[in-house]
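Novice: Here it is, the structure, as structure tokens.
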Amino acid sequence: MGALLRKALRMTRFWAAMVRHRLKLLDGSVLAVVTALVAFYCFEVDVFETEGEGAPPITTNEVLLIAALFCAGLVIFALRRLAEAKRETKRRIVAEQEARNLALHDALTGLPNRRAFDDALAIAVASPPSLDAAHILLMMDLNGFKRINDVYGHGVGDEVLLHVGGRLARIIRGGDVVARLGGDEFAILATHAAGVEAATGLAQRVMDALEVPVSAGGTEHRVGVAIGIALTPQDGMDAAELRNKADKALYRAKEEKHRSPSAARFFEEGMDAQARERDTLERELCLAISERTVRPFYQPLVSLDGNRIIGFEALARWTSPTLGEVKPERFIAVAEDTGFITDLTQLLLEQACHQAATWPSDVTLSFNISGFVLQDPLFGLTVLKILTDAKLLPQRLELEITESALVRDLDAAVRALDQLRGMGVRIALDDFGTGYSSLYHLRVFRPDKIKIDRSFVDEIERDAGSAAIVRGLIGLGSGLGAQITAEGVETQAQRNLLWAHGCDQGQGFLFGEALAAEETHRLISAEYHLQRSTLKREEATG
């Protein structure tokens with residue numbers, strides 16, 4: 001858009017110059033014609049009557065008249081040129097101001113751009129604050145903005161950015177600067193503020209301003225924000241250093257978005273090493289996905305009626321060449337941040353479905369999916385293709401989603417999961433009872449299975465409140481016609497209590513840890529032989 005404005009401005013200047021040149025030629029031509037006409041008139045007509053037959057063709061008085069008229073014309077011509085010069089100077093001043101605005105302001109939001117913000121930061125750093133004050137730098141990224149662009153289009157995304165920019169501009173003090181640096185990146189510079197307390201208050205005002213959903217494209221959009229905070233002189237006296245430290249704090253804040261929609265972090269010593277480690281993690285994870293070295297392991301799901309294996313849950317496992325074994329919650333969070341999550345999900349689901357196809361037909365596969373993947377309108381077709389290629393019946397696949405992922409965009413998630421359920425795939429609500437639990441979600445979502453979070457199972461023996469919650473969740477799920485699975489079962493006492501309360505299935509170290517693909521066959525085979533032996537003994541004693 002800025003390029004179009006600059007082009008239009010150049011064309012306007014060109015045509016204005018052409019008009020000015022034509023006016024100059026016209027004025028000069030008029031002056032020359034008028035002078036010639038007056039001279040001709042004076043030559044042909046005796047303007048000033050003279051006595052004597054030998055009078056000259058043009059008298060002195062007539063020459064003086066022609067000269068006076070010519071001088072008057074020159075004066076008029078000069079005055080017109082002077083007026084044009086003044087108008088041109090004004091036009092140039094306005095054009096320069098427009099060019100400066102284009103160079104220093106974001107074309108979409110009208111806020112200062114990266115260049116203007118860098119200039120303001122350099123000026124602020126060059127004028128240190130008083131002893132008890134500080135200059136505050138906030139670097140910000142919007143959480144969930146990429147999904148808005150992908151699902152609703154860039155037009156709606158631009159409208160969201162306009163609303164966000166307006167809200168940020170309204171919460172800053174006079175003299176402070178809020179800028180859009182590009183994409184969904186914003187920054188705020190607050191000068192001569194009251195240190196950490198002022199920075200905390202400013203970050204909280206930003207989070208409060210974006211807590212209210214943004215209305216764009218006829219839909220309400222929830223937009224969170226990750227904020228990295230650095231202060232000068234505490235964190236450095238150089239503009240580049242200050243920005244670098246605020247960016248590192250921003251990375252840490254972005255890691256918090258899985259716990260809350262918005263988060264703010266101050267720069268802390270040690271973030272340099274963490275930032276380098278994060279960069280290494282991103283690069284090696286991208287390579288691991290392309291080389292298919294991220295693999296699923298399988299944890300048994302058992303029926304509490306006889307401890308019989310009824311399925312396995314696929315759990316992602318990855319060992320980095322430089323960082324060693326990386327916890328799933330860590331590299332999955334990085335995959336979501338970087339956009340690798342779709343490829344990672346497809347890779348793991350392909351491996352898990354091909355493995356599950358080799359199990360007995362009554363053994364199912366459970367697979368966790370990220371809420372980000374559900375925003376892809378083609379996800380259902382991707383799952384169907386994977387099942388077809390693996391020759392695995394859809395009824396043997398159970399997809400698990402957490403409530404926290406569900407509420408990111410409930411309508412889109414319900415549409416995607418209804419499509420999968422229509423294929424025959426079963427849907428489970430994972431980690432139920434934590435974070436965003438809502439009876440409304442149960443009514444709209446209609447899960448085939450509810451998984452009780454391990455935090456309640458851990459305390460079921462010692463805490464009466466946890467035991468009551470578990471009983472309530474089991475009763476609620478049973479009333480809705482959903483199966484109930486308890487996670488984190490580690491003792492026989494927990495298993496017995498869950499079975500007594502009516503829980504259908506269990507999962508945890510009591511029944512087995514996550515196994516490599518080849519070990520699942522040995523476990524299934526061992527259980528099969530044990531069941532055959534038990535059956536033979538019962539037949540013999542019968």
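Novice: How large a share of the accessible area of the stretch 111-226, in percent, is made up of carbon and sulfur atoms when the probe is 1.4 Å and the other protein chains stay in place?
Specialist: 55 percent
Novice: Also, I was wondering about something else. Compute the accessible area per residue over the stretch 459-508, keeping the other protein chains in place, probe 1.4 Å, unit Å².
Specialist: Accessible surface, normalised per residue, equals 43 Å².
Novice: Limiting things to C-alpha atoms, what are the Rg and the maximum Cα-Cα separation (Dmax) for the stretch 164-292, in angstroms?
Specialist: Radius of gyration, then largest Cα-Cα span, for the stretch 164-292: 16.3, 53 Å.
Novice: Measure of size requested: the Rg and Dmax of the stretch 141-232, with Cα atoms as the atom set and Å as the unit; please supply both.
Specialist: For the stretch 141-232, the Cα radius of gyration and maximum Cα-Cα distance read 13.7, 42 Å.
Novice: Near Ala239, within a Cβ-to-Cβ distance under 10 Å, what is the net charge of the other residues, with Lys and Arg +1 and Asp and Glu -1?
Specialist: Taking every Cβ under 10 Å from that of Ala239, the sum is -3.
Novice: For Gly339, what is the net charge nearby, where nearby means another residue's Cβ is under 10 Å from its Cβ and Lys, Arg count +1, Asp, Glu -1?
Specialist: -3
Novice: Another question, then. Read phi for every residue in the stretch 169-184 and hand back ³J(HN,Hα) as whole Hz from Karplus 6.51 cos²θ - 1.76 cosθ + 1.60, θ = phi - 60°, with x for Gly and Pro.
Specialist: 5, 7, 9, 8, 7, x, x, 7, 10, 10, 9, 9, 8, x, x, 9
Novice: Please work out the average accessible area per residue across the stretch 123-252, using the 1.4 Å probe convention, and give it in Å².
Specialist: 41 Å²
Novice: Additional query: Mind listing the long-range amide H neighbours of Thr364? Cut-off is under 5 Å, sequence gap 5 or more, other chains count too, H placed in the peptide plane at 1.01 Å from N.
Specialist: Amide H to amide H, under 5 Å and 5 or more residues apart or across chains, Thr364 pairs with Gly311, Phe312.
Novice: To continue, here is another question. Rounded, prolate or oblate: which fits the stretch 450-531, taking a ≥ b ≥ c as square roots of the Cα gyration tensor eigenvalues, rounded meaning a/c under 1.5, else prolate when a/b beats b/c?
Specialist: It is prolate, given that a/c is not under 1.5 and a/b is the larger ratio.
Novice: Further question on the same structure: Under a Cβ-Cβ cut-off of 13 Å, what is the net charge of the residues other than Gly481 that fall near it, where Lys and Arg count +1 and Asp and Glu count -1? Numbers along the way, then the final one.
Specialist: Working: positive: Arg426, Arg443, Arg446, Lys449; negative: Asp448, Asp504.
Local net charge: +2.
Novice: Apply the Kirkwood formula to the stretch 309-467: the hydrodynamic radius equals the inverse of the mean of 1/r over all pairs of different alpha-carbon atoms; give it in Å with one decimal. Display every interim value, and only then the final one.
Specialist: Numbers: mean 1/r = 0.0598 Å⁻¹.
After inverting the pairwise mean of 1/r, the radius is 16.7 Å.
Novice: Between Leu476 and Arg81, 0.36 nm times their residue separation minus their Cα-Cα distance comes to what? All intermediate terms of the calculation are to be shown ahead of the outcome.
Specialist: On the way: separation 395, 0.36 × 395 = 142.20 nm, distance 8.86 nm.
Extra length available between Leu476 and Arg81 comes to 133.3 nm.
Novice: Set the bar at 32 Å for Cα to Cα. Now go through Lys146/Lys327; Lys248/Lys451; Lys248/Lys449; Lys90/Lys146 and name every pair that lies beyond it.
Specialist: Lys248/Lys451; Lys248/Lys449; Lys90/Lys146
Novice: A further question follows. Divide the volume of the convex hull of the Cα atoms of the stretch 80-220 by its number of residues and quote the answer in cubic angstrom per residue.
Specialist: Hull volume normalised by residue count: 142 Å³.
Novice: Over all alpha-carbon pairs of the stretch 101-175, lay out the pair-distance distribution in 10 Å bins, whole %, shortest bin first.
Specialist: 15, 39, 31, 12, 3
Novice: Based on the Cβ-Cβ distance from Ser130 to Thr338, what FRET efficiency comes out when R0 is 51 Å, to the nearest 0.05? Spell out each step's value before the answer.
Specialist: Working: r = 42 Å, r/R0 = 0.82.
That gives a FRET efficiency of 0.75.
Novice: In whole Hz, with x marking every Gly and Pro, tabulate ³J(HN,Hα) for the stretch 380-394 from phi via Karplus 6.51 cos²θ - 1.76 cosθ + 1.60, θ = phi - 60°.
Specialist: 3J(HN,Hα) across the stretch 380-394, in whole Hz: x, 5, 4, 4, 4, 5, 4, 5, 5, 5, 7, 6, 10, 5, x.
The values are calculated or read from the model by the stated rules, or taken from the named source; none is laboratory data. Treat the numbers as computed from the prediction; the structure is a model and nothing was measured. Quick reminder, even Gly has a Cβ in these numbers, built from the backbone with ideal geometry, and neighbours come from all protein chains shown. The protein model used for the area step is the full one, side chains on, heavy atoms only, and it has no ligands, DNA or RNA in it. Shrake-Rupley method; radii C 1.70, N 1.55, O 1.52, S 1.80 Å.
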